[in-house]
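For reference, the structure is listed below as structure tokens.
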Amino acid sequence: MTHVHTHLGGECLHKCKYCYVRAMAKRFPSTMAKRYSGPIRIMPGELDVNYGKGKTIFIEHLNDLFAEGVPEKAIEKILSHCARFSFATKYVFQTKNPQAYMKWDTEWLSLDCLLGTTIETNRAELLSGNAPSPISRYAGICKTSTWADTFITVEPILDFDLDVFSEMLIAAEPDFVNIGADSKGHGLIEPSAKDINDLIAILQSAGVEIRQKRNLERLLKV
């Protein structure tokens with residue numbers, strides 16, 4: 001990934017406890033809070049950005065384009081904007097509602113893209129906010145993996161059931177799995193270093209590529 005771009009303003013509809021954007025909005029009320037509050041909307045000028053060529057761009061890195069409730073017209077306009085530069089640009093999308101990827105199957109045909117989801121744990125009771133459950137995300141990315149390049153991000157990693165979670169991640173057949181930890185001290189229920197190392201070992205033995213985030217070191221030192 002070489003670049004990021006977000007077209008959307010407004011508060012992410014998932015409202016996760018550990019949301020980076022919500023934390024930044026508190027730190028920078030005159031800029032971040034102004035843009036990322038209120039209803040979801042396309043910000044002025046963002047559809048005019050020229051992506052050029054030779055880039056790998058993470059689209060909507062500060063919001064969730066496919067969250068339930070994002071206007072379909074907005075999604076259509078953003079995907080059309082990406083398609084204008086698809087001849088020499090690769091796109092990365094990530095959502096906690098991967099079931100929605102299937103609604104846009106025609107649009108994906110014109111894009112070189114990598115589609116991902118976040119699954120922090122198999123334990124739904126450890127999550128807060130409005131995002132779909134881990135099992136729903138798993139089902140959505142499994143379907144997506146049959147026709148697209150995919151990845152799963154386990155960040156921030158939460159406590160999990162080793163057998164269940166490892167089986168989910170392997171069965172989804174992602175191209176790779178990112179693993180990272182909470183960096184902002186949200187008081188999340190986190191796994192032990194042993195469980196994380198066991199998870200990584202199981203996934204690697206099944207041929208899954210693991211990409212560890214630097215912030216995972218904190219948990220592995222415990």
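General observations
- Gain on full stretching of the segment that runs from residue 135 to residue 2 - 0.36 nm per residue minus C-alpha separation: 44.8 nm
- Distance between modelled label sites at residue 74 and residue 105, nm, 7 Å Cα→Cβ extension: 2.6
- Per residue of the chain, the DSSP helices (runs of n ≥ 4 H) give a summed -39500 (n - 2.57) that works out to -8000 deg cm²/dmol at 222 nm.
- Residues of the stretch 168-196 with amide N under 16 Å of a point placed 7 Å along Cα→Cβ from residue 205: 168-171, 194-196
- Theoretical gain in end-to-end length, residue 186 to residue 123 [0.36 nm per residue, Cα-Cα removed]: 20.9 nm
- The stretch 3-220: C-alpha gyration tensor shape, a/c 1.5 cut-off, then a/b vs b/c: oblate
- At full extension, residue 163 and residue 175 could sit 2.3 nm farther apart than now, given 0.36 nm per residue minus the alpha carbon distance.
- Residue 147/residue 221 FRET efficiency (R0 35 Å; Cβ-Cβ; nearest 0.05): 0.30
- DSSP bridge orientation in the stretch 3-220 - percent antiparallel, rounded to nearest 5: 5
FYI, it's all coordinate maths here, none of it is from the lab. Because the structure is predicted, anything quoted here is derived from the model rather than measured. Positions of Cβ are backbone-derived with ideal geometry, glycine not excepted, and every protein chain shown enters the neighbour counts.
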